[in-house]
Structures are given as structure tokens and as C-alpha cells.
Amino acid sequence: MGLLMLGLVAGAVVPFQTAVNSRLRTYVISPFVSSLISFMVGTIFLIVIIVLSGGQLLLTNAQLHAIPWWMYLGGVLGDNWINN
């Protein structure tokens with residue numbers, strides 16, 4: 001039940017983010033700069049949450065070597081390329 005509520009709240013926040021980006025656009029040069037600022041604020045917030053919760057921010061060398069090579073492609077061979 002908790003995950004369902006979390007999903008609903010996350011979906012409800014999306015229109016607010018669009019409104020914030022639109023308002024931010026009036027104060028900066030372009031929509032791209034507005035998106036960059038929004039993305040950076042979100043990234044910094046997530047880093048702070050990870051650090052405060054005691055999580056590991058970076059991967060160790062052992063973790064990096066344990067990851068299969070194809071995982072580094074990061075979606076290059078995603079669903080859109082396969083189905084088209």
C-alpha cells in the first residue's frame with residue numbers, strides 16, 4: 001500500500017515540476033538553462049539524501065569490475081532500436 005501511495009504522489013508532483021520549470025524559464029536565458037538548473041537541483045538533493053542516509057555515493061573498484069560490460073551501454077541498445 002505504501003508503494004502505491006508513493007507512486008501516486010510521484011505522479012501528482014510531475015505537473016508541479018512543469019509549472020516550476022515554466023516559471024523558472026522567465027528568469028533565465030532559455031528553457032535549456034531552466035531544465036539544467038532543475039536537473040542540477042534534483043541531483044544535488046539526491047546526493048544529499050544518499051549521504052545523510054549513510055549510503056554509498058560511488059562504486060568501489062570491485063563493484064565496477066563485477067558489472068558485465070554490456071551494462072555500461074546504458075540503454076544504447078534499448079527497446080526503440082530493437083523494435084524499429
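Observations on the structure shown:
- Residue check for Met71: part of a helix (DSSP H, G or I), modelled with pLDDT of 85 or more, out of contact with any helix residue (DSSP H, G or I) (no Cβ under 8 Å at 6 or more places or on another chain) and not charged (D, E, K, R): no
- Exactly one residue among Ser53, Ser34, Ser30, Ser38 is free of Cβ contacts under 8 Å to residues at least 40 places away in the same chain, touching a Lys or Arg at 6+ places or on another chain (Cβ under 9 Å), among the polar types (S, T, N, Q) and at negative phi, and that residue is Ser34.
- So Leu77, is it farther than 24 Å from Ala10 by Cα, surrounded by 10 or more Cβ atoms within 10 Å (Cβ to Cβ) and either at pLDDT 85 or above or of a type in the set (Ser, Thr, Tyr) (or both): no
- Counting residues in segment 3-23 that are without any contact (Cβ under 8 Å) to a residue 24 or more places away in the chain and not in a helix (DSSP H, G or I) gives zero.
- Tally of residues being open to solvent by less than 90 Å² (accessible area, probe 1.4 Å) and within 17 Å of the chain's Cα centre (by Cα) across segment 15-32: 5
The values are calculated or read from the model by the stated rules, or taken from the named source; none is laboratory data. Quick caveat: nothing in here was measured; it's all calculated off a predicted structure. For neighbour counting, all protein chains shown are included, and Cβ atoms are generated from backbone atoms with ideal geometry for every residue, glycine included. SASA here: full protein model, heavy atoms, side chains in, ligands and nucleic acids out. Shrake-Rupley method; radii C 1.70, N 1.55, O 1.52, S 1.80 Å.
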